[in-house]
Amino acid sequence: MTAGATEEQTLNPKTSKDVRAVLVTGGASGIGRAAAIAWAREGCSVLVADVDDRGGAETVEAIEKLGSRACYQRANVADERECEFLVERAVRHFGRLDVAFNNAGIAGPSAYVSKYPAADWRRVISVNLLGVFNSMQPQLRLFESQGSGAIINTASVIAFRGVAGASAYSAAKHGVIGLTKSAALEYGRMGIRINAICPGYIETPLVVGPDAAIPDRMLADKIHRTGARRLGKPEEVAALVLWLASSSASYVNGAAIAIDGGFLAS
Ligand SMILES: NC(=O)c1ccc[n+]([C@@H]2O[C@H](COP(=O)([O-])OP(=O)(O)OC[C@H]3O[C@@H](n4cnc5c(N)ncnc54)[C@H](O)[C@@H]3O)[C@@H](O)[C@H]2O)c1
């Protein structure tokens, strides 16, 4: 992503040639993996960061099969030093970093506030909100020095709604939007764009399968309230993320964009 997109770049909706090296947190699964693979298809080098070593290795393998460069780095986004190392690793390995997708997230338990275990509340905030801040700090130091860069943070439709039982998740995702907007105002004039995506209900292990955070009956109700009447696919979210990172989105900054099949419209 260049500081001032040329007219040609702005007018070519497909261009993401200016994005060559990306960092994806939570890249071992779901939305992060789909974005990592989509960038690889465009010929980008991808640093996959996660706490799931096996999933991270699988993402790297899938990317290498496409003929692109990738490496995995174990990193807990709740740890600021590990986030700092990710940026160092990307620059050392690929010689550059153009885009960061701060996407790692967890659901946490479901409980009303008075009964929510405080340690779990702190953990959800540490990963989902502090983790985004920890990730952005070294990314912004690098992007500031190079006068270019794009950051996409993963929030949620739950950044606009309360959910009974999910106060920590909802508070963290609301926080991601505030962090994104404030940083966009701070760094926009330096050629750095910072946006948030707000997925609705997307078919990933967070939502579907044995470890899903949402009971089947509740998920059926969410789908019913979604205009599209289906879950979203991680690849559909990845397409938005790639567009936001590209110079086609050169005037999009500080936005919180829903990708939810119409869930918020209901
Ligand atoms: N799936 C949905 O419906 C949905 C909806 C809205 C928002 N989101 C958000 O999208 C993001 C991706 O979720 P997903 O649906 O792909 O789920 P997922 O569980 O498939 O992927 C999340 C990834 O984050 C990793 N992770 C968890 N804690 C981490 C930590 N401390 N440090 C580094 N990595 C960590 C996990 O190991 C996993 O690989 C999350 O932020 C989630 O809150 C998902």
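The values are calculated or read from the model by the stated rules, or taken from the named source; none is laboratory data. Treat the numbers as computed from the prediction; the structure is a model and nothing was measured. Glycine gets a Cβ as well: all are built from the backbone with ideal geometry, and neighbour counts include every protein chain shown. Please note that ligands, DNA and RNA were not included when accessible areas were found on the heavy atoms of the full protein model with its side chains. Shrake-Rupley method; radii C 1.70, N 1.55, O 1.52, S 1.80 Å.
Here the stretch 173-191 and the stretch 196-217 have alpha carbon centers that stand 26 Å from each other. P(r) tail for the chain: Cα pairs beyond 34 Å make up 13% of the total. Within 10 Å, at most 13 other Cβ atoms, and a DSSP state outside H, G, I, E, B define an exposed site. Report the longest part of the chain free of exposed chymotrypsin sites (Phe, Trp or Tyr not before Pro). That gives 113-250 as the longest site-free run. The local environment of Tyr187, defined by Cβ-Cβ distances under 9 Å, has a net charge of 0 under the rule Lys, Arg +1 and Asp, Glu -1.
Span-like helix criteria (full DSSP H runs; alpha carbon extent of at least 20 Å along the helix axis; mean Kyte-Doolittle hydropathy of at least 0.0) are satisfied in the chain by 167-187.
About the centre of its Cα atoms, the stretch 139-255 shows a dipole size close to 280 debye [charges on the beta carbon of Lys, Arg (+1) and Asp, Glu (-1) only; nearest 20 debye]. Within the stretch 55-157, the trypsin sites (Lys or Arg not before Pro) that combine a DSSP coil assignment with at most 14 other C-beta atoms in a 10 angstrom radius are Arg96. Can you pull the percent of the chain's accessible area that's carbon plus sulfur, 1.4 Å probe, other chains left in place? About 54 percent, which is the carbon plus sulfur part of the accessible surface.
Net charge within 15 Å of Thr204 by Cβ-Cβ distance, Lys/Arg positive one each and Asp/Glu negative one each, not counting Thr204 itself? My count for the surroundings of Thr204 gives -4.
Taking a Cβ cut-off of under 12 Å around Pro215, the surrounding Lys, Arg, Asp and Glu residues balance to a net charge of 0, with basic ones at +1 and acidic ones at -1. What the chain shows is 47 Å² of accessible area per residue, with the surface traced by a 1.4 Å probe over protein heavy atoms.
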